[in-house]
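The values are calculated or read from the model by the stated rules, or taken from the named source; none is laboratory data. Please read these numbers as outputs of a predicted model, since none were measured by experiment. Positions of Cβ are generated from backbone atoms using ideal geometry, with glycine treated the same way; all protein chains shown enter the neighbour counts.
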Amino acid sequence: MKSKRMPAMFKNLSIGQKLGCGFAVLALLVVGLAWFSSAQLSRLNDDTSRLADNMLPSVASSGKINAYLLDTRRLELVSVIGAISNDPAEIEDGISKFNHLKETFDAELAHYGSLPFSTPEERSNYDKLRSATNRYFQLHEQVVAAIRQQELSKVTALRKNETRQALEEAMGYANQLREINERIAFDQTNESHHAYTQSRNMVLGASLLTILLLVGLAWWLT
C-alpha cells in the first residue's frame, strides 16, 4: 500500500517542489564532493610539504655527510704522505684542511639533526652516526700526534685498523639515514598517487551521477 502511495505522492508534487527536491539532492552531492576534494587536497599538500621541507633536505644532507667523511680520509692521507716525505709544510697543510672540513662536517651534521625525524629508526641511526664520528675524530687526533712524532708504524696501524673501521661504521650509518628517507619519500609518493587516483575517480563518478540526476529530474518534471 505504501509503495503505491509514495510514487503518487511524488507525482502530485508541483513543479516547484520537484525542482526544489532535485536541486537539494544536487546541492548535497556538490557539498559532499567539495568536502572530499578539500580533504584530499589538504592531504596532498601535507605530503608535498613534508617531501619538500624534510625528506628531500634529509636525503641531500646525508649525502653531504657521507661525502665529507670520504674527504677527511683523503686529507688525512695528505698529512701521512707529508710525514713519509718529511715535509712539515705538507703535514700542516693536510691537518689544517682536515680541521676546516671537520667544521663543515659538524655544521652539516647539526643541520641534519635540526630536521624533523620521521621515525624512531632514523633518530637511532643519527645518534649512532654522531657517536661513530666522534670516535673517528678522536682516533684522528691520535694519527696526527703519531705523524708529528714521526711514528709512521703507529700511523699505518691506526689507518689500517681503528680509524678505517670507525670511518666505515660512520659512513654505514650515514647511508642508512639516506636509505630511510628515500624509502619514506617513495612511500609518500605512492600514497599521494593513490590519493590523486581516488580523487579523480570520485570526481568522475560524481560528474556521471550529476548527469544522471539531471536526466532523472528532467524526466520527473515531464
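Brief remarks on what is shown
- Of Leu70, Leu109, all but one fail to be surrounded by fewer than 16 Cβ atoms within 10 Å (Cβ to Cβ) and over 30 Å from Tyr196 (Cβ atoms); the exception is Leu70.
- Test: residue in segment 162-176 that is closer than 30 Å to Ile81 by Cα, under 15 Å from the mean Cα position of the chain (by Cα) and surrounded by 14 or more Cβ atoms within 10 Å (Cβ to Cβ): yes
- Candidates Gln142, Gln198 - the one that is touching a residue at least 40 places away in the same chain (Cβ under 8 Å) and either in a helix (DSSP H, G or I) or among the polar types (S, T, N, Q) (or both): Gln198
- Residues that are polar (S, T, N, Q) and more than 18 Å from Ala146 (Cβ to Cβ), drawn from segment 77-134: Thr104, Ser114, Ser118, Thr119, Ser124, Asn125, Ser131, Thr133, Asn134
- Every pair of residues 6+ apart whose Cβ atoms lie under 8 Å, when the first sits in segment 157-173 and is touching a residue at least 12 places away in the same chain (Cβ under 8 Å) while the second is crowded, with 20+ Cβ neighbours inside 10 Å and charged (D, E, K, R): Arg159/Glu76; Thr163/Glu76
- Residue within segment 184-205 that is touching a helix residue (DSSP H, G or I) at 6+ places or on another chain (Cβ under 7 Å), polar (S, T, N, Q) and at pLDDT 85 or above present: no
- Given (1) over 16 Å from Val78 (Cα atoms); (2) of a type in the set (S, T, N, Q); (3) outside any helix (DSSP H, G or I), index of the condition Ser124 fails: (3)
- Test: residue in segment 107-117 that is touching a residue at least 60 places away in the same chain (Cβ under 8 Å) and either over 23 Å from Val59 (Cα atoms) or not aliphatic (A, V, I, L, M) (or both): yes
Condition check ((1) in a helix (DSSP H, G or I); (2) under 30 Å from Leu177 (Cα atoms); (3) out of contact with any Asp or Glu (no Cβ under 8 Å at 6 or more places or on another chain); (4) modelled with pLDDT of 85 or more) across all residues:
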site: Leu26; (1), (2), (3), (4): yes, no, yes, no
site: Thr48; (1), (2), (3), (4): yes, yes, yes, no
site: Asn54; (1), (2), (3), (4): yes, yes, yes, no
site: Asp71; (1), (2), (3), (4): yes, yes, yes, yes
site: Ile81; (1), (2), (3), (4): yes, no, no, yes
site: Ile91; (1), (2), (3), (4): yes, no, yes, yes
